[in-house]
Amino acid sequence: ITNKHPTVKPIALMQHLIKLTTKPGYTVLDPFLGSGTTAVAALNLNRNVVGIELNDEYMKIAKARISEEVKQTRLF
């Protein structure tokens, strides 16, 4: 799936912000999930994620990115 979201953030930036505000095991709420960058960053840092997205196209992108991240995490 091609990421067509207009404001994709760098995963490293979101990880930095998540580290500043949460601890491992905490839950990160993203009320505007978009393409799932915050969710991917949170999963990289062993946080739980709740994401909300109204746009079906963005939701498909986010699901694909999150699924790939979970698959990669399980390999290690």
Tabulated pairs, the range 14-27, first in contact (Cβ under 8 Å) with a residue 12 or more places away in the chain and in a strand (DSSP E or B), second open to solvent by less than 100 Å² (accessible area, probe 1.4 Å) and among the polar types (S, T, N, Q), C-beta under 8 angstrom, 6+ apart or interchain: 27/48
Boolean, residue 74 is open to solvent by less than 100 Å² (accessible area, probe 1.4 Å), among the basic types (Lys, Arg) and modelled with pLDDT under 95: no
Every residue from the range 59-69 that is touching a helix residue (DSSP H, G or I) at 6+ places or on another chain (Cβ under 9 Å), without any contact (Cβ under 8 Å) to a residue 40 or more places away in the chain and open to solvent by 50 Å² or more (accessible area, probe 1.4 Å): 68
Of all residues making up the range 28-67, the number that are assigned to a helix (DSSP H, G or I) and small (Gly, Ala, Ser): 6
Selection status of residue 4, surrounded by fewer than 19 Cβ atoms within 10 Å (Cβ to Cβ), modelled with pLDDT of 95 or more and of a type in the set (D, E, K, R): no
Some residue of the range 51-58 being open to solvent by 70 Å² or more (accessible area, probe 1.4 Å) and in contact with a Leu (Cβ under 8 Å, 6 or more places away or on another chain): yes
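The values are calculated or read from the model by the stated rules, or taken from the named source; none is laboratory data. Because the structure is predicted, anything quoted here is derived from the model rather than measured. Using ideal geometry, Cβ is built from the backbone for each residue, glycine included, and neighbour counts are taken over all protein chains shown. Accessible surface areas use protein heavy atoms only, side chains included; no ligands, DNA or RNA. Shrake-Rupley method; radii C 1.70, N 1.55, O 1.52, S 1.80 Å.
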